[in-house]
Amino acid sequence: MRDELRVGEEFLAKYNRPGPRYTSYPTAPVWNDSFGPTDLESVFEQAEKAKTPVSLYMHIP
């Protein structure tokens, strides 16, 4: 390994800490089965009318 790619002990000691867990929005407890395909279609239609992008998150257990 080249020297410039090595990580020093001080760096590791400083940053080797647990960080926040990744979370999605809305958070998982808010998810429910009442939001169906028709609702998703409506969201896409609203975004298209407003000319705004849509961020889609798929959770695959």
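One table, with the values for the structure above:
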| read-out | value |
| --- | --- |
| Extreme residue, modelled with the lowest pLDDT, among residues of segment 40-61 that are of a type outside the set (S, T, N, Q) and surrounded by 10 or more Cβ atoms within 10 Å (Cβ to Cβ) | V54 |
| Close pairs from segment 14-27: first within 24 Å of L56 (Cα to Cα), partner assigned to a loop (DSSP other than H, G, I, E, B) and not aromatic (F, W, Y), Cβ under 8 Å, at least 6 apart | S24/H59 |
| For V7: the one exception among (1) in a helix (DSSP H, G or I); (2) exposed (fewer than 10 other Cβ atoms within 10 Å of the Cβ); (3) not acidic (D, E) | (1) |
| Of all residues making up segment 10-27, the number that are basic (K, R) and either assigned to a loop (DSSP other than H, G, I, E, B) or surrounded by 10 or more Cβ atoms within 10 Å (Cβ to Cβ) (or both) | 2 |
| Residue that is modelled with the highest pLDDT [pool: residues in segment 28-39 that are hydrophobic (A, V, I, L, M, F, W, C) and either outside any loop (DSSP other than H, G, I, E, B) or more than 19 Å from P61 (Cβ to Cβ) (or both)] | V30 |
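The values are calculated or read from the model by the stated rules, or taken from the named source; none is laboratory data. Fair warning: this is a prediction, and the values are worked out from it, not measured in the lab. Note that each Cβ is placed from the backbone with ideal geometry, even for glycine, and that neighbours are counted across all protein chains shown.
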